[in-house]
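Structure, as structure tokens:
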Amino acid sequence: MNYKPNEGDGRSIVSSSESSDRDDQLIEIIQQQRREITDLRATVEKLVKTVEAQSEQISTLEDVHTDYRETNERDKAEIRQDVTENKRATEQNKAHTEAVARKLERCDGSEERTPLEQIVRLPDEILHRAQLTANQRRARTIAMELGGLATTVPKGKRLDSTTIKEQLQHEYGSTHDQTVARVMAFLDRLGGNRTEVVHTGKGKAVIFDDWLANRLQRAEQFTMEAVDGVLTNVVSVTTRTAG
């Protein structure tokens with residue numbers, strides 16, 4: 001290390017080369033700090049942008065959540081309204097059906113009419129709108145032809161399974177024995193206590209008492225005016241059974 005005397009008091013001081021080295025070190029340190037500050041600023045800017053993006057995302061999610069909640073509330077309100085309206089419509093339909101049933105019962109002034117006679121007398125204009133099963137329709141067809149199909153027995157009129165099957169084949173084509181059995185069951189059920197299924201030597205038969213047989217043979221279809229133009233759900237007046 002080089003020293004040179006102090007011109008004022010003769011004391012030695014650090015040489016100019018050492019002073020230059022220290023200056024270089026200080027400059028390097030300052031430059032390093034500046035670089036670190038620059039890096040820190042860049043990092044801070046990235047963090048700020050990240051926070052802003054996250055804030056925007058949170059805001060979007062909050063909007064979505066709000067929209068979902070509002071939509072969900074609207075959907076629940078609509079469902080409650082639909083349930084209420086369906087319940088009201090069901091009650092109105094029930095009241096309407098009961099009123100129609102009473103009108104049909106008064107059409108011929110008889111309170112004893114069986115469901116089978118009621119089906120037979122339905123106007124053809126509304127028959128296609130009644131919720132009859134296929135076998136209920138077949139039973140109606142057979143009952144309407146009772147006079148030409150049944151034989152007279154002491155208890156009234158008898159309609160055997162063979163005759164029913166032949167008539168159904170004539171009206172509808174190929175007919176299974178199970179279909180015949182169901183049609184006979186409907187005739188018996190819709191005839192109430194005025195019909196009976198009995199076993200014969202050749203199978204089964206439906207017996208109609210004289211009162212019902214006579215009414216079915218004399219039955220005339222109601223007119224649309226007779227039922228006040230009301231479209232009737234026949235099955236709701238009678239008991240609907242699968243088949």
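Quick notes
- Of the residues THR84, THR133, the single one that is surrounded by 10 or more Cβ atoms within 10 Å (Cβ to Cβ), at pLDDT 75 or above and in contact with a Gly (Cβ under 8 Å, 6 or more places away or on another chain) is THR133.
- Tally, over region 101-130, of residues that are at pLDDT 70 or above and not in a helix (DSSP H, G or I): 5
- Criterion: part of a helix (DSSP H, G or I) and touching an Asp or Glu at 6+ places or on another chain (Cβ under 6 Å) - qualifying residue of THR163, THR141, THR179: THR141
The values are calculated or read from the model by the stated rules, or taken from the named source; none is laboratory data. This structure is a prediction, so every number in the text was calculated from the model and none was measured. Note: ideal-geometry Cβ built from the backbone for every residue, glycine included; neighbour counts use all protein chains shown.
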